[in-house]
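Contents: one structure, followed by commentary.
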Amino acid sequence: MELAAVIFGLEALKRPTSVELVSDSIYVVKGLSEWLPKWKANGWRRREGDRWAQIKNEDLWRRLDRLLAKHRVSVRHIPGHAGHPENERCDALAVAAYQKYL
């Protein structure tokens, strides 16, 4: 869901845009800033010990990569539940959304 949120947010932009992506997700932040360039350089594969392995969620990462080519995206990690107003609001919205299904 974390990747989907980034993808849907970037897909909503109507023209190329500079974006500061602020996330509490290490998976998203490291994926964008560290892992994605390596995966692309290695033919969309990752090292797992002494062999190559498939990237998890490769379809989403490729979709995100296409969006990154259209926009200038900088990435910043913030700790979750640390008082960041927008992060706290997103968390509250997510909790309210899933509670409908309990």
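No value in this document is a laboratory result; all are computed from the given coordinates. Bear in mind the structure is a predicted one, so any value in this text is a computation, not a measurement. Glycine gets a Cβ as well: all are built from the backbone with ideal geometry, and neighbour counts include every protein chain shown.
May I ask you to list the lysines whose Cα is less than 19 Å away from that of residue 70, ignoring any residue fewer than eight positions away on the same chain?
Cα-Cα hits under 19 Å: 14, 40.
5 Å is the cut-off here: which amide hydrogens, built 1.01 Å from N in the peptide plane, fall below it relative to residue 21, excluding neighbours closer than 5 in sequence?
74, 75, 76
Which loop trypsin sites (Lys or Arg not before Pro) in region 25-102, with loop taken from DSSP, have no more than 12 other Cβ atoms within 10 angstrom of their Cβ? Display every interim value, and only then the final one.
On the way: sites: 30, 38, 40, 45, 46, 47, 51, 56, 62, 63, 66, 70, 72, 76, 89, 100; in loops: 56, 100.
Within region 25-102, the qualifying trypsin sites (Lys or Arg not before Pro) (loop, at most 12 other Cβ atoms within 10 Å) are 56, 100.
Can you tell me, using C-alpha contacts under 8 Å and at least 6 residues apart, the relative contact order of the chain as a whole percent?
Working: 80 pairs, mean separation 39.7, N = 102.
Rounded, it is 39 percent for the chain.
With just the Cα atoms defining each centre, how far is region 2-26 from region 47-99? Give it in Å.
Value for the Cα centre distance between the two parts: 8 Å.
Mind listing which GluC sites (Glu not before Pro) in region 32-102 are in a DSSP loop and have 12 or fewer other Cβ atoms within 10 Å?
Filter output for region 32-102: empty list.
Just add up the charged neighbours of residue 96: K/R +1, D/E -1, any other residue whose Cβ is under 13 Å from the Cβ of residue 96.
0
Within straight cross-link reach of residue 30, meaning Cα distance under 13 Å, which aspartates and glutamates are found once same-chain residues fewer than 8 apart are removed?
Candidates past the 8-residue exclusion: 2.
With every atom except the alpha carbons ignored, what do you get for Rg and Dmax of the chain, in angstroms?
Considering the chain through its Cα atoms, Rg and Dmax are 15.3, 45 Å.
About the Cα centre of region 16-99, how large is the charge dipole given +1 on each Lys and Arg Cβ and -1 on each Asp and Glu Cβ? Please answer in debye to the nearest 20.
Computed charge dipole of region 16-99: roughly 520 debye.
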